[in-house]
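Here is the structure we will look at.
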Ligand code: SF4
């Protein structure tokens, strides 16, 4: 595993209530893939930080932009299946925290989603 991969898995460990280390490490939500792409593009994002979920407005925007194109949607995502009554995945939480902290914008995330989906 490369240093970048190790840092990305730190993101799952720090943010994802569903992450089980060692199980299906190949699987990744779209939030994870967007952040990974940003890191590979050379953006400096602190993945060791425990980002807090953002407020309702950012959550609504991400649920609209990110989740419909996520490979886990709908059958493998409790957040979608329970219509927001379960925790979102770690990629979603970390992305929303990065947006809330103004490290990135919703538009930045949207541009990457357009490119990789
Ligand atoms: S909350 Fe669910 S649908 Fe949205 S990015 Fe995460 S795993 Fe995918």
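Here are some notes:
- Boolean, residue 77 is modelled with pLDDT of 95 or more and within 12 Å of the chain's Cα centre (by Cα): no
- Just one of the listed residues (30, 45, 62) is closer than 23 Å to residue 4 by Cα, within 9 Å of the ligand (Cβ to nearest atom) and touching a helix residue (DSSP H, G or I) at 6+ places or on another chain (Cβ under 7 Å), and it is 30.
- Only one entry in 104, 39, 35, 113 is away from the ligand (no atom under 14 Å from the Cβ) and in contact (Cβ under 8 Å) with a residue 60 or more places away in the chain, namely 104.
- When residue 53 is tested against (1) within 10 Å of the ligand (Cβ to nearest atom); (2) touching a residue at least 40 places away in the same chain (Cβ under 8 Å), exactly one condition is not met: (1).
- Out of 89, 70, 77, 103, sole residue that is out of contact with any helix residue (DSSP H, G or I) (no Cβ under 8 Å at 6 or more places or on another chain) and surrounded by 14 or more Cβ atoms within 10 Å (Cβ to Cβ): 103
The values are calculated or read from the model by the stated rules, or taken from the named source; none is laboratory data. Note that the structure is predicted; figures quoted are calculated from it, not measured. Please note: Cβ atoms are built from the backbone with ideal geometry, for glycine as well, and neighbour counts cover all protein chains shown.
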